[in-house]
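Data block below; observations after.
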Amino acid sequence: PIATGTIQKIVDRASEAIFPVYETIGRIARSSRCNYIDETSWFKENALQWLWAMVNERVAFYRIDAHRSKEAFRQLIQDWEGILISDSYGLYRSWVHGRQTCLAHLIRKADALAERKKPDLKNFGHITAALLRQLVAFSKDPPTSRQWSDFYVQLLFTLSLWENDKNDAGRLARQMVREMDALWSFLEYKGVEPTNNRAERALRFGVLWRKRSLGTQSEKGNRWVERILSLKETCRLKTKSTFQVLETCLRAYFTNTTPDLSWI
């Protein structure tokens, strides 16, 4: 038998034990050349909050904030000024240090238009989705000068035809025009992907946790979620055993020593 309060004390100790790992993950994330960033809803005492993820090929760093705001974003990234891969949320569009917008989000919007009954919307959706998929394919098979020229001309021509329409096709065309400089950053910067799937995958476990637990009940609970998610997902990225790393951190905690951080 074990009391509920005892379980909470065990969780609290584990949260303290992995704090050095969490700090190190955050420092590495904020010093990386590029990061994939996304956010999803979270709940603390049934109040809406936001779970933010800052992910790259080395680490995954999480932070829960009461807001989905510029200040919350700044608290996540602090002094980081690298290449941002994200969706088209207005907060991200103002980023000036290099950005790749998620092409998968745009493809989903184009596919939705392709399923509409109105011929004009349907036609725009089909053409735009095909062009965006061709652009994604360039990440694995870079285009020749001729291929790029043909693609670029066709894209500009397509957007110019629908840009002034006052319907969903026009809205998507204007969005793509606004984000034109961020559509193909992956062709300019090595290691940048054309979609934000890396951050979306990193948030998936947090979403499932929220659905099962209905969130947290305190700030202390939020800190536990941030830390254990950061440890778990970073271990996954590095093909490390989460349990073994957690065990090492707890042993260091009980012997009042610093856990091994060299694996991060």
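Classify the stretch 60-113 as rounded, prolate or oblate, taking a ≥ b ≥ c as the square roots of the eigenvalues of its Cα gyration tensor: rounded when a/c is under 1.5, otherwise prolate if a/b is larger than b/c and oblate if not. Cα axes put the stretch 60-113 in the prolate bin. Compared with the dominant principal axis of the Cα atoms in the chain, helix 219-237 is inclined by about 70°.
Rg and Dmax of the stretch 136-264, both derived from C-alpha coordinates alone, stand at 22.8, 69 Å. Remark on the stretch 108-169: ratio of C-alpha radius of gyration to 2.2 N^0.38 Å is 1.19. The relative contact order of the stretch 1-85, computed from alpha carbon pairs under 8 Å that lie at least 6 residues apart in sequence, is 27 percent. A simple rule links phi to the HN-Hα coupling: the Karplus curve 6.51 cos²θ - 1.76 cosθ + 1.60 with θ = phi - 60°, which for the stretch 93-99 gives 5, 8, 5, 10, 9, x, 8 Hz, with x for Gly and Pro.
The charge dipole of the stretch 1-142, taken about its Cα centre with unit charges on the Cβ of Lys, Arg, Asp and Glu (plus for the first two, minus for the last two), comes to roughly 420 debye. For Lys44, the solvent-accessible surface computed with a 1.4 Å probe is close to 30 Å², ligands and nucleic acids excluded. Considering only alpha-carbon pairs that sit under 8 angstrom and 6 or more positions apart, the relative contact order computed for the stretch 111-222 is 18 percent.
Largest accessible area first, the listed residues Leu76, Leu187 line up as Leu187, Leu76 when surface is computed with a 1.4 Å probe on the assembled protein chains.
Once Rh for the stretch 1-155 is found with the Kirkwood sum over Cα pairs, what is the Stokes-Einstein diffusion coefficient at 20 °C and 1.002 mPa s, in µm²/s? The estimated diffusion coefficient comes to 113 µm²/s. Working note: 222 nm ellipticity from helices only, DSSP H runs with n ≥ 4, each -39,500 (n - 2.57), summed and divided by the residues of the chain, gives -17500 deg cm²/dmol to the nearest 500.
Over all projection directions, the Cα-based convex hull of the chain averages an area of 17.2 nm². Across Thr239, Thr101, Thr216, mean-square fluctuation computed from a Gaussian network of the chain (C-alpha pairs under 10 Å connected) peaks at Thr239. Would you work out if the stretch 1-54 is rounded, prolate or oblate? Take a ≥ b ≥ c from the square roots of the eigenvalues of the alpha-carbon gyration tensor; rounded if a/c is under 1.5, else prolate when a/b is larger than b/c, oblate otherwise. Cα axes put the stretch 1-54 in the oblate bin.
Among Asn35, Ile2, Ile77, whose Cα sits farthest toward the positive end of the charge dipole of the chain (+1 at Cβ of Lys/Arg, -1 at Cβ of Asp/Glu, about the Cα centre)? Value: Ile2. At q = 0.15, 0.33 Å⁻¹, work out log10 I(q)/I(0) for the stretch 217-264 with the Debye formula, treating every Cα as an identical point scatterer and leaving solvent out; two decimals please. Values returned for q = 0.15, 0.33 Å⁻¹ are -0.44, -1.14. A 1.4 Å probe, protein heavy atoms only, puts the accessible area of Phe243 near 140 Å². Taking every DSSP bridge with both residues inside the chain, close to 70 percent are antiparallel. Between helix 4-17 and the chain there is an angle of about 70 degrees, using the helix long axis and the longest principal axis of the Cα atoms. For the options Ala199, Ala130, Ala47, a Gaussian network treatment of the chain with springs between C-alpha atoms closer than 10 Å singles out Ala47 as fluctuating the most. Considering only Trp184, Phe205, His105, the residue lying farthest towards the positive end of the dipole of the chain is Phe205, judged by Cα position with unit charges set on Cβ. Only the Cβ atoms of Lys and Arg (+1) and of Asp and Glu (-1) were treated as charged; on that basis the dipole of the chain about its Cα centre amounts to roughly 500 debye.
A dipole drawn for the stretch 9-168 from +1 and -1 charges on Cβ atoms has a positive end, and of His67, Tyr89, Val21 the residue lying farthest that way is Tyr89. Converting phi to 3J(HN,Hα) with the Karplus coefficients 6.51, -1.76 and 1.60 and the offset θ = phi - 60°, the stretch 39-50 yields 9, 9, 5, 9, 10, 10, 6, 6, 8, 5, 9, 9 Hz in sequence order, with x at every glycine or proline. Surface composition of the stretch 120-264: carbon and sulfur atoms hold 53% of the protein heavy-atom accessible area at a 1.4 Å probe.
The long axis of helix 103-114 is offset from the longest Cα principal axis of the chain by roughly 50 degrees.
The values are calculated or read from the model by the stated rules, or taken from the named source; none is laboratory data. The structure displayed is predicted, hence computed values, not measured ones. All Cβ positions, even for glycine, are placed from backbone atoms using ideal geometry, and neighbour counts span all protein chains on display. Protein only, heavy atoms only, side chains kept; ligands, DNA and RNA dropped before computing areas. Shrake-Rupley method; radii C 1.70, N 1.55, O 1.52, S 1.80 Å.
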